[in-house]
Amino acid sequence: MKTKGNKNNKINIVTLGCSKNLVDSEQILTQLRGNNMNATHEAANDDASIVIVNTCGFIDNAKQESIDTILRYVDAKNAGMVDKLYVTGCLSHRYKDELEKEIPMVDAFFGTNELPRLLKTLKANYKHELVGERLITTPAHYAYLKISEGCDHPCSFCAIPLMRGVLASRPMEELVLQAKNLAKNGTKELVLIAQDLTDYGKDIYQKRNLAELLQRLSDVEGIDWIRLQYAYPSQFPMDVLQVMNERSNICKYLDMPLQHSTTAMLKHMRRGISGERTASLLKEIREQVPNIAIRTTLIAGHPGETEADFDALCQFVEATRFERLGVFTYSHEENTHAHTMPDTISAEVKQYRADTLMEIQEKISYQLNQEKIGQTFKVLFDRKEGGQFIGRTEYDSPEVDNEVLVDAASHFVRLGDFAQVRIHDATEFDLYGEVCV
Ligand code: SF4
């Protein structure tokens, strides 16, 4: 970082939180560059005089990380290395009044829906003609496509609707145009994201039509993989599975956060689905799309969870054998419904339950990966690291799922390319293979 009085008018955008927040940062970047401004995303040398921190306000740990990042740039500003510091994103949206009082060194705080005002503050204009465009910060060959903003679901533990508002689907034409532009710029994999993919269209088309959107995106030339991330289980649109079977460029992959498995807990969580229906839905999905990889997320220690609920959840994970699974410990978020319930389960017990679930999953993941030894998979290569080329199969989403490692000393692949890889070894979360020539 440079010494006092930095006025180089370089703008650096720093993103915290989820891929949906990353897309927002990419939109800020696209608009600033569209105004011929010298903007970057997470610049390596961090010498920008203007910094925009795009925060996450989801749960305790994420909020703390956002505050620590803001304070790091406040220190840089006090040292004259940063001239202007702006904060946007979920934490800023949720706690604007408190943050303005507590961290006055920040020049301005913006909500999640205030891009035009942020641009104006930076003396830039919002350019409508850039709506179909987006500069991406992920490797060129994959990009997130956010199909809607906000959420209409009443989940007890979740503060996201407080920060992102009600469902706002993006018009299909806009999404198809963005997909075409991304494909023109080398994107081969589209990861579809939203708070809930399955509600797509309910607001603007008066019907839930994720299946139609998938068909349209699947027709975009150059897109080899389309991946579904964040599908809500209740009233899951089964026509999506038909399109998944009909279209070879839609990955046999489904991320469906379930959060829990017992009817009592799903009721406490206001998930709108019973334990029985959850189990039968998973069975139907596996029957309709053989070999599908199902990823889920669970919450450990939500108010009301008894030992019996937790034991039942462990048995559910053992029986369902998810291909991919993540666990959060419950975070008592103010202004959520669950915040009206006593948070009686200790942090230690929450962590113990989360660890126990991950131990079960580790064994399952190891067994499932062992079964892949000797098989050949189409792999998309993301990066080279520690003498290995590292990629993913269609069953693995970027940054959260398993990876395929190929020894770079004996094989060469171009990053961003697909290659057929024969698996010769496997651990809990990684596969090792060689490129088939
Ligand atoms: S579906 Fe539930 S958990 Fe997901 S963003 Fe909406 S309210 Fe939150």
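The values are calculated or read from the model by the stated rules, or taken from the named source; none is laboratory data. Remember, it's a predicted structure, so these values are computed and weren't measured experimentally. Here the Cβ positions follow ideal geometry from the backbone for every residue, glycine too, while neighbour counts run over all protein chains shown. Keep in mind that these areas ignore ligands, DNA and RNA; they rest on the heavy atoms of the full protein, side chains included. Shrake-Rupley method; radii C 1.70, N 1.55, O 1.52, S 1.80 Å.
Brief remarks follow.
- Filter result (more than 16 Å from the ligand (Cβ to nearest atom), closer than 26 Å to residue 17 by Cβ and not hydrophobic (A, V, I, L, M, F, W, C)) within the stretch 172-200: 174, 178, 181, 185, 186, 187, 188, 189
- Close pairs (8 angstrom Cβ cut-off, 6 or more residues apart or separate chains): over 11 Å from residue 268 (Cα atoms) in the stretch 331-344, among the charged types (D, E, K, R) and assigned to a loop (DSSP other than H, G, I, E, B) anywhere: 332/343; 339/333
- Qualifying residue in the stretch 26-46 (condition: of a type in the set (S, T, N, Q), closer than 17 Å to residue 72 by Cα, at pLDDT below 95 and in a loop (DSSP other than H, G, I, E, B)): yes
- Any hit, the stretch 257-266, residues being assigned to a strand (DSSP E or B), more than 24 Å from residue 393 (Cα to Cα) and within 13 Å of the ligand (Cβ to nearest atom): yes
- Residues being assigned to a loop (DSSP other than H, G, I, E, B) and without any contact (Cβ under 8 Å) to a residue 40 or more places away in the chain - total across the stretch 359-398: 4
- Among residues of the stretch 419-432 that are over 13 Å from residue 402 (Cβ atoms) and at pLDDT 95 or above, those with a Cβ under 6 angstrom from a residue that is of a type in the set (A, V, I, L, M) and in a strand (DSSP E or B), sequence gap 6+ or separate chain, pair up as 419/379; 419/435.
- Verdict on residue 205 being within 16 Å of the ligand (Cβ to nearest atom), over 20 Å from residue 297 (Cα atoms) and either β-branched (Val, Ile, Thr) or out of contact with any Asp or Glu (no Cβ under 7 Å at 6 or more places or on another chain) (or both): no
- Residue within the stretch 351-358 that is open to solvent by less than 40 Å² (accessible area, probe 1.4 Å), farther than 30 Å from residue 91 by Cβ and assigned to a strand (DSSP E or B) present: no
- Flag if residue 187 is farther than 16 Å from residue 223 by Cα, touching a residue at least 40 places away in the same chain (Cβ under 8 Å) and hydroxyl-bearing (Ser, Thr, Tyr): no
- Residue 311, sole failed condition from (1) within 30 Å of residue 398 (Cβ to Cβ); (2) without any contact (Cβ under 8 Å) to a residue 24 or more places away in the chain: (1)
- Filtering the stretch 269-288 to residues that are outside any loop (DSSP other than H, G, I, E, B), of a type in the set (D, E, K, R) and crowded, with 16+ Cβ neighbours inside 10 Å leaves only 277.
- Answer from 53, 23 - the residue that is touching a residue at least 24 places away in the same chain (Cβ under 8 Å), part of a strand (DSSP E or B) and of a type in the set (A, V, I, L, M): 53
- Check on residue 218, within 16 Å of the ligand (Cβ to nearest atom) and not acidic (Asp, Glu): no
- Residues being within 30 Å of residue 138 (Cα to Cα), of a type in the set (Asp, Glu) and open to solvent by less than 50 Å² (accessible area, probe 1.4 Å) are entirely absent from the stretch 292-310.
- Among the residues making up the stretch 122-156, those that are within 16 Å of the ligand (Cβ to nearest atom) and in contact with a Lys or Arg (Cβ under 7 Å, 6 or more places away or on another chain) are 146, 147, 148, 149, 150, 151, 154, 155, 156.
- Filtered residues of the stretch 167-185 (kept if open to solvent by 30 Å² or more (accessible area, probe 1.4 Å), part of a loop (DSSP other than H, G, I, E, B) and not charged (D, E, K, R)): 171, 185
- In the stretch 129-160, the residues that are within 13 Å of the chain's Cα centre (by Cα) and in a loop (DSSP other than H, G, I, E, B): 138, 147
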